[in-house]
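Peer 1: This is the structure I have questions about; it appears just below.
A short reminder: the numbers here are calculations on the coordinates, not readings from a lab. Nothing here was measured: the structure is a model prediction, and the numbers come from that model. With ideal geometry, Cβ positions are generated from the backbone for all residues, glycine too; neighbour counts draw on all protein chains shown.
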Amino acid sequence: MLKRRIIGSFLIYAFLSTGIVTGQTNGVGTAATAPAPAKVYSAPKEVIDKIKDEGMNRSQVMQHLSYLTDVIGGRLTNSPNMKRANEWTRDTMAKWGMQNAKLEPWGPFGRGWSLKSFHAQVVDPQTIPVIAYPKAWSPSTKGPVTADVVYLDINSDEDFAKYKGQLRGKIVMVSKPRKLEADFGGMGTRLTDDELAKMAADPMAAQRAQPQPGQNQQPTPEQQERMRQMQVMQKMAGFVFDEGAAVVIDNSRVGSGGTLFVSGATVAPPPSSGAPAPAGPAPAGPAPRGRFAAYNKDMESRMLPQMTMATEDYNRLVRMVQQGVKPKMTVDIQTQYHDEDLMGYNTVAEIPGTDPKLKDEIVMLGGHLDSWHSSTGATDNAAGCAVAMEAARILIASGFKPRRTIRVALWSGEEQGLNGSREYVKQQFGEMKPAAAQGQSGELVKTGNYDKLSAYYNLDNGTGKIRGVYMQGNAAVRPYFEAWLTPFADAGAKTLTMSNTGGTDHLSFDRIGLPGFQFIQDEIEYDTRTHHSNQDNYDRIQAEDMKQAATIIAAFVYQTAMMDEKMPRKAMR
């Protein structure tokens, strides 16, 4: 998942007699209230029972997960492993009898990257093995580098001067040490009934899910401080680069016990002297900052070899320096760039519709297939992809013939900005052109397929079981989701909230007015241990939760494909 954001500020709650947790809002317009449909389609009990039986008693979801994580491994966008995952998921779904199984290109994105070998340890005043991992798209060192370690202790612009001329050939630590606290509460959590009820009853959820054009949202003090820190780090990146450091080390931003969180390499900003931008035309790819991103070939000359270190090891090195010791390290990073194909690819496959009038309409489900690279991308997001594949397999194995076409989409480039899903939606359904002036609405430009999509269902909050649905401010879907969750209330899935949840691929649909939904999931260890970390592996997956999620999504997708009408849409503001 690109970035997780869950809306807070919850008040009183209420329970419906059906067992569905819901809430009454005071918002205005269709984002908060909508007339009930004349009739809500629900599949017959025997159909839901058959889905449950296949999904819970003959599940293959963990086999899908094991192949994606244990066999293929981490799937950085445009890496060889990403291409292997694209091809394996395509071929697997084709073997099940799904049609139009293919890789659909988007982009161009940029170059791939893979790690060939890596070694890092303290060698003086004693040998100290460390837990660390190179950052994605980091260049290689020129063979093993053995050098002094320098801690760059920068608190103001004036502090840069004391390091001038001191960093050439050195291994430079650029982050602050981070205080670690004892974990008395435990890393794994599930949502409580009170937390779910407050989510459902939040009276401001609808307004936040659909802000007004030109709404001035002032940054919080915390956001302002993060922006200040980012600006300092950007300046430090340029300074360390210009000073000729050999290797850069940063501290894992969160995590403990050897868990480290690592993402993409940092590019030193262009000189502030007015020097021209990198040579050549700007890439045509969709990434908003693609020209100065680490995966742009032109940026290789603006990067140093770099890695992220586990906090316990990083903090120890800082304390050694502060004690007057001058530690030395040996670091050897050997990587490979892949320039053969700069396009990104999504995997898609279909269960064809059977109704002559509705078969050209589409119900979609999916997750993002790309991951970061320090582990195997299990909870983020092989879990969502395996569940989407399994939901389709359940429907095929059950012998159902949906009226509408059901399409599985497994995205790439999500971690770099929802790129794969955004470009797919742009190609297939339309895009929102920027507003001509501040405070005005953008222009929605539709393709001929815009009105053919009924809904898109996404899973990308880790391994936790489904507890309900974020309705994205679309009150009109409430009666459908209430009815469809009722058979799964005993499995813990009974909550509906008007809230928006961000940072993943359903937003590519929602932003142009198409019904796109992410399911509410239990946290488990997502933020504390696995999200973008070296511990995001198969062993952190909760198998029963994955079976439950695939079963519920199969039921949602099937019922959306069978109802007479398309899923209702919220008004665009």
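Peer 1: For the ranges 188-200, 555-567, what's the packing order if you count other beta-carbon atoms within 10 Å of each residue, average per peptide, and put the highest first? Show your work: numbers first, answer last.
Peer 2: Details: 188-200: 17.7, 555-567: 21.2.
In descending order of packing, they fall as 555-567, 188-200.
Peer 1: Continuing with this model, one more query. For a quick check: sort Trp372, Trp137 by the number of other beta carbons within 10 angstrom, fewest at the front.
Peer 2: Trp372, Trp137
Peer 1: I would also like to ask the following. Please report the net charge: other residues with Cβ closer than 13 Å to the Cβ of Ala197, K and R +1, D and E -1.
Peer 2: Values: positive: Lys198, Arg467, Lys494; negative: Asp193, Asp194, Glu195, Asp202.
Summing Lys and Arg as +1 and Asp and Glu as -1 gives -1.
Peer 1: Can you compute the modelled spin-label distance between Lys164 and Gln121, with each label point 7 Å from Cα toward Cβ, in nm?
Peer 2: 4.0 nm
Peer 1: Another one. Compute the convex hull volume of the Cα atoms of segment 463-573, divide it by the residue count, and report the result per residue in Å³ as a whole number.
Peer 2: Convex hull of Cα atoms, per residue: 111 Å³.
Peer 1: Still on this model: How big is D, in µm² s⁻¹, for segment 448-522 by Stokes-Einstein at 10 °C and 1.306 mPa s if Rh is the Kirkwood radius over C-alpha pairs?
Peer 2: Numbers: Rh = 12.8 Å.
Answer, rounded: 124 µm²/s.
Peer 1: Next question, about the same structure. If you line up the long axis of helix 419-428 against the longest principal axis of the chain, both from Cα atoms, how many degrees apart are they, to the nearest 10?
Peer 2: Helix 419-428 and the main axis of the chain meet at about 40 degrees.
Peer 1: Separate question: Nothing charged except the Cβ atoms of Lys and Arg (+1) and of Asp and Glu (-1): what's the magnitude of the dipole of the chain about its Cα centre? Round to the nearest 20 debye. Show your work: numbers first, answer last.
Peer 2: On the way: 64 positive and 61 negative charges, 159 e Å.
Taking the Cα centre of the chain as origin, the dipole is about 760 debye.
Peer 1: Helix 311-322 sits at what angle to the longest principal axis of the chain, using alpha carbons and giving 0 to 90 degrees rounded to 10?
Peer 2: That works out to roughly 20 degrees.
Peer 1: Where a Cα-Cα gap under 18 Å defines reach, which aspartates and glutamates qualify for Lys164, not counting those fewer than 8 residues away within the same chain?
Peer 2: Asp148, Asp153, Asp242, Glu243
Peer 1: Determine, for each peptide in 42-52, 155-165, the mean count of other beta carbons within 10 angstrom over its residues, then list the peptides with the highest first. Please report the intermediate quantities before stating the final value.
Peer 2: On the way: 42-52: 15.9, 155-165: 10.5.
So the order, starting with the most tightly packed, is 42-52, 155-165.
Peer 1: Still on this structure: Which order do the peptides 138-148, 98-108, 377-387 come out in when sorted by mean C-beta neighbours inside 10 angstrom, highest first?
Peer 2: Working: 138-148: 16.1, 98-108: 17.8, 377-387: 31.1.
Descending mean neighbour count gives 377-387, 98-108, 138-148.
Peer 1: To continue, here is another question. What full-extension length gain, to one decimal in nm, is calculated for Asp194 and Ala489 as 0.36 nm per residue of separation minus the Cα-Cα distance? Mind showing how you got there, number by number?
Peer 2: Values: separation 295, 0.36 × 295 = 106.20 nm, distance 1.55 nm.
Computed gain between Asp194 and Ala489 is 104.6 nm.
Peer 1: Also, I was wondering about something else. Can you give me the distance in nm between label points at Lys452 and Gln231, each placed 7 Å from the Cα along the Cα-to-Cβ direction?
Peer 2: 4.9 nm
Peer 1: Given all pairs of different Cα atoms, what value in angstroms does the Kirkwood hydrodynamic radius of the chain take? Walk me through the numbers on the way to the answer.
Peer 2: Values: mean 1/r = 0.0399 Å⁻¹.
In the chain this quantity evaluates to 25.1 Å.
Peer 1: Give me the Å³ per residue figure for the convex hull around the C-alpha atoms of segment 296-369.
Peer 2: Details: hull volume 15.0 nm³, N = 74.
Hull volume over Cα atoms, normalised by residue count, gives 203 Å³.
Peer 1: With axes computed from alpha carbons, what is the tilt in degrees of helix 543-562 against the longest principal axis of the chain, rounded to the nearest 10 within 0 to 90?
Peer 2: 50 degrees
Peer 1: Can you compute the radius of gyration and Dmax for segment 381-462, using only the Cα atoms, both in Å?
Peer 2: Cα radius of gyration and Dmax of segment 381-462 are 16.1, 53 Å respectively.
Peer 1: Which percent, nearest 5, of DSSP beta bridges in the chain are antiparallel?
Peer 2: Values: 44 of 74 bridges.
Approximately 60 percent, going by the DSSP bridge assignments.
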